[in-house]
Amino acid sequence: MSEISKYLDKIYRDIAGPFKDQNIYVQNREGIKSIRLYDESDLHDGERSHWVGTSHIMIFDDEEPFLAIEAKTVATPKEIAGPVPLYALTRIVKINGKPYDVESPFLLLITVPDQPREGQKSEQLSDLENKLKDILDLESKYSNLKDFASVKLAI
């Protein structure tokens, strides 16, 4: 069993209790071959939605996804922050090919195994955490999110 498969099994065991009333889909578990993310829900002239990535674990409340869990065993800032833009673009989730519209934004939890408390990895993770906080704070000079929040398109 691969390192990521073992890690996904551990996460599943940890969340199975608290989310027992929801549908939990785990990549390569119980017949789930793929959890794929797409960026458009309504394209024109028969165009197809664009595939933007895959998901490790998706938790649904009835027919609507509300929490995605990305398992990262490599703890570099690039690996950890990589899924953030993909989930921000996601409008359709397909599980084994069956589409589910994402009508409202859902939560994203990126998990990494326990890391050493000292050393380069620890410093990188701490730095990434601080940078993400600054990006999400609209009042911070490091956040560009406010630029996107006020954009309106005239068609």
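Tabulated data
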{"item": "Accessible surface ranking that places the most exposed of 125, 8 first, with a 1.4 angstrom probe", "result": "125, 8"}
{"item": "Contour excess over end-to-end distance, with Cα ends at residue 73 and residue 128 and 0.36 nm allotted per residue", "result": "18.2 nm"}
{"item": "Inter-label distance for residue 61 and residue 139, nm, one decimal - labels placed 7 Å from Cα along Cα-to-Cβ", "result": "2.9 nm"}
{"item": "Karplus 3J(HN,Hα) series, Hz, for region 105-112 with 6.51 cos²θ - 1.76 cosθ + 1.60 (x for Gly, Pro)", "result": "x, 10, 6, 10, 10, 9, 10, 9"}
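The values are calculated or read from the model by the stated rules, or taken from the named source; none is laboratory data. Small disclaimer: the values here were computed from a predicted structure and weren't measured. Neighbour counts are summed over all protein chains in view; Cβ atoms, including those assigned to glycine, are modelled from backbone coordinates with ideal geometry. Accessible surface areas use protein heavy atoms only, side chains included; no ligands, DNA or RNA. Shrake-Rupley method; radii C 1.70, N 1.55, O 1.52, S 1.80 Å.
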